[in-house]
Amino acid sequence: MKSIILPNGLTQRTADCLVRAGVPVTKRAVMKALKDGTLHPNCIPRHYGPVTHKELCRWVGVDPSELLPDSN
């Protein structure tokens with residue numbers, strides 16, 4: 001099964017994850033959600049895992065490891 005790529009460059013699955021999390025599909029909103037933990041792989045939202053995390057990080061132009069919360 002092929003992924004559907006939307007005009008904004010994200011896959012349909014990733015866009016659906018953003019909708020479920022209540023995050024607007026804009027680079028600014030996604031960056032904020034990644035930094036504040038609204039989006040976190042394998043936790044929030046459902047079906048948001050490492051592959052989706054990497055896709056969103058590439059989309060906003062950052063290294064995925066930079067946005068994972070500290071484990072302090």
Over the chain, the sum of -39500 (n - 2.57) across DSSP H runs of at least four, divided by residue number and rounded to 500 deg cm²/dmol, gives at 222 nm -13000 deg cm²/dmol
Stretched fully, the stretch from residue 11 through residue 27 gains (0.36 nm per residue minus C-alpha distance, one decimal, in nm) 4.3 nm
Rg/Rh of the stretch 12-66 (Cα atoms, Kirkwood Rh), to two decimals, equals 0.89
In whole Hz, the Karplus estimates of ³J(HN,Hα) for the stretch 49-60 (6.51, -1.76, 1.60; θ = phi - 60°; x where Gly or Pro) are x, x, 5, 5, 4, 5, 4, 5, 5, 4, 4, 8
Each label sits 7 Å from Cα toward the beta-carbon; between residue 46 and residue 20 the label points are separated, in nm, by 0.6 nm
Non-local residues with an amide H under 5 Å from the amide H of residue 39, with H modelled 1.01 Å from N and Pro and chain starts lacking one, are 34
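Only the coordinates and a few stated rules stand behind these numbers; no lab work does. Predicted model, so just to flag it, every value in this text is computed and none were measured. Because the Cβ atoms are built from the backbone with ideal geometry, glycine has one as well, and the counts that use them run over all protein chains shown.
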